[in-house]
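The values are calculated or read from the model by the stated rules, or taken from the named source; none is laboratory data. Since the model is a prediction, treat every value here as computed from it, not as a measurement. In this analysis, Cβ positions are derived from the backbone assuming ideal geometry, glycine residues included, and neighbour counts consider all displayed protein chains. Just the protein is used for accessible areas: all its heavy atoms, side chains included, with ligands, DNA and RNA removed. Shrake-Rupley method; radii C 1.70, N 1.55, O 1.52, S 1.80 Å.
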Amino acid sequence: QVQLVESGGGLVQAGGSLRLSCAASGRTFSSYTMGWFRQAPGKEREFVARISWNGGSTSYADSVKGRFTISRDNAKNTMYLQMNSLKPEDTAVYYCAVARFSGARHAREYSFWGQGTQVTVSS
């Protein structure tokens with residue numbers, strides 16, 4: 001069992017930045033590929049970014065590539081999502097989750113979800 005808690009969301013103007021954190025407890029955090037997803041009202045949960053167990057490999061959705069950076073600190077059992085140049089369309093609840101396998105990109109391929117943190121970008 002892994003428990004995940006997201007934090008760092010909030011209200012920001014377009015063009016601004018936020019840094020989300022995902023704190024993990026339970027099983028060995030450093031063993032898992034981790035991911036960030038987001039879900040806007042009335043839309044399906046969508047992939048944002050993924051990071052390998054040691055941080056050596058990352059993957060991003062095209063919509064956030066070049067603006068968002070995923071990272072992790074295994075010593076602190078924490079994963080991060082630095083979000084720059086935010087746009088109104090980035091508004092969503094952001095979730096972190098544990099991947100079932102290293103190349104996972106769909107929500108069904110992830111388990112142990114956090115409760116989410118709201119990000120709202122005003123225009």
*HN-Hα J couplings of the range 3-13 from phi, Karplus 6.51/-1.76/1.60, θ = phi - 60°, integer Hz, Gly and Pro as x?*
9, 10, 10, 8, 7, x, x, x, 9, 9, 7
_Accessible area per residue for the chain in Å², computed with a 1.4 Å probe and the full protein assembly in place, what is it?_
50 Å²
*asked:* If you filter the range 1-92 for GluC sites (Glu not before Pro), then keep DSSP loop positions with at most 15 other Cβ within 10 Å, what is left?
replied: 44
_Of all accessible heavy-atom area on the chain, the percent that carbon and sulfur account for (1.4 Å)_ = 46 percent
*asked:* Less than 16 Å apart at the alpha-carbon level, and either on another chain or at least 8 residues along: which lysines does that give for residue 87?
replied: 65
*Over 18 Å, how big is the tail of the calculated P(r) for the range 62-123, in percent of all Cα pairs?*
45 percent
*Write out the trypsin sites (Lys or Arg not before Pro) in the range 48-123 meeting two conditions: DSSP loop, and at most 16 other Cβ atoms within 10 Å of their Cβ.*
65, 67, 100, 105
*asked:* Please list, in order along the range 64-80, the HN-Hα scalar couplings obtained from phi with the Karplus expression 6.51 cos²θ - 1.76 cosθ + 1.60 (θ = phi - 60°), rounded to whole Hz, x for Gly and Pro.
replied: 10, 4, x, 10, 10, 9, 9, 8, 8, 10, 5, 5, 9, 6, 9, 10, 10
_Taking the square root of 5 times each eigenvalue of the Cα gyration tensor, what semi-axes in Å does the equivalent ellipsoid of the range 1-65 have, largest first?_
23, 15, 13
*Ordered by residue, what ³J(HN,Hα) values in Hz, to whole numbers, does the range 29-37 give under the Karplus form 6.51 cos²θ - 1.76 cosθ + 1.60, where θ = phi - 60° and Gly and Pro are x?*
4, 5, 7, 10, 5, 10, x, 10, 10
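About its Cα centre, what dipole magnitude does the chain give when the only charges are +1 on Lys and Arg Cβ and -1 on Asp and Glu Cβ, stated in debye to the nearest 20? Spell out each step's value before the answer.
Values: 14 positive and 8 negative charges, 38 e Å.
In total the dipole reaches around 180 debye.
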